[in-house]
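Okay, structure first, notes after.
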Amino acid sequence: KSTVREALQQSLAHRGLEVVLTREPGGTIAGESIRQLLLDPAGKLAAETELLLMFAARAQLVRDVIQPAIARGAAVITDRFTDASFAYQGGGRGIPMGIIAELERWAALIKPDLTFLLDVGVEVGLSRARSRGAKFDRIESEELDFFERVRATYRARADADPARYRVVDAARSPGQVSSEAIGLLTDWLDARA
């Protein structure tokens, strides 16, 4: 994700746009504190607590960073947004999608104009994460079937909203994935011009 995010940032900057990069959970002082709670491998959180903490961090990010950036005409790139809650807390944890949709409406206030789904098989994704050598966080430590449900939810959301989603085969090299994402972004921007 970080390689693609940086490539998209550079592409937008070359078009003369101010680009604001954010991350979830986090991106603000409050959000980073919440991130520690959410990702602590020793933490035990109820699914509902996880969902509400995600939206608490997101609400702060929207109000402190995203809305001001949009108001001044900047492009905002974030590594994940509300679709992640539908996938992880909805698909993965089984929280009803209607509850997540209501939190999206009430706490997030906005939806992305364009979403890239970097799609890769669960086992490949986990293998890549292991190869980075970093210790898995609380969510990354889930079982394989959890991530299969997450992936299926992301793919279903992409199928249901093809105008917003661009699905990119992320099993390829980072350069190939970034090149495709830049091409899709360029096409999307040109169509809006």
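Accessible area ranking (1.4 Å probe, heavy atoms, ligands and nucleic acids excluded), largest first, for 29, 139, 182: 29, 182, 139. Of all lysines in the structure, those lying under 26 Å Cα to Cα from residue 111, and not within fewer than 8 positions of it along the same chain, are 1. Heavy-atom accessible surface of the chain, averaged per residue, reaches 53 Å², computed with a 1.4 Å probe. Surface composition of the chain: carbon and sulfur make up 54 percent of the accessible area, probe 1.4 Å.
Rounded to the nearest 10 square angstrom, residue 172 shows an accessible area of 80 square angstrom against a 1.4 Å probe. Tell me which lysines have Cα within less than 25 Å of residue 44's Cα, excluding those fewer than 8 residues away on the same chain? Qualifying lysines at Cα under 25 Å: 135.
In summary, the range 26-120 shows an alpha-carbon radius of gyration equal to 1.08 times the 2.2 N^0.38 Å reference for compact globular proteins.
Over the chain, the alpha carbon radius of gyration divided by the compact-protein estimate 2.2 N^0.38 Å works out to 1.01. Computed from point charges on the beta carbon alone (+1 for Lys and Arg, -1 for Asp and Glu), the dipole magnitude for the range 1-125 about its Cα centre is near 220 Debye.
Projecting the Cα atoms of 21, 144, 41 onto the charge dipole of the chain (Cβ charges, centred on the Cα centre) puts 21 farthest toward the positive pole.
The values are calculated or read from the model by the stated rules, or taken from the named source; none is laboratory data. Note that the coordinates shown come from a computational prediction; the quantities given were computed from them, not determined experimentally. In this analysis, Cβ positions are derived from the backbone assuming ideal geometry, glycine residues included, and neighbour counts consider all displayed protein chains. The protein model used for the area step is the full one, side chains on, heavy atoms only, and it has no ligands, DNA or RNA in it. Shrake-Rupley method; radii C 1.70, N 1.55, O 1.52, S 1.80 Å.
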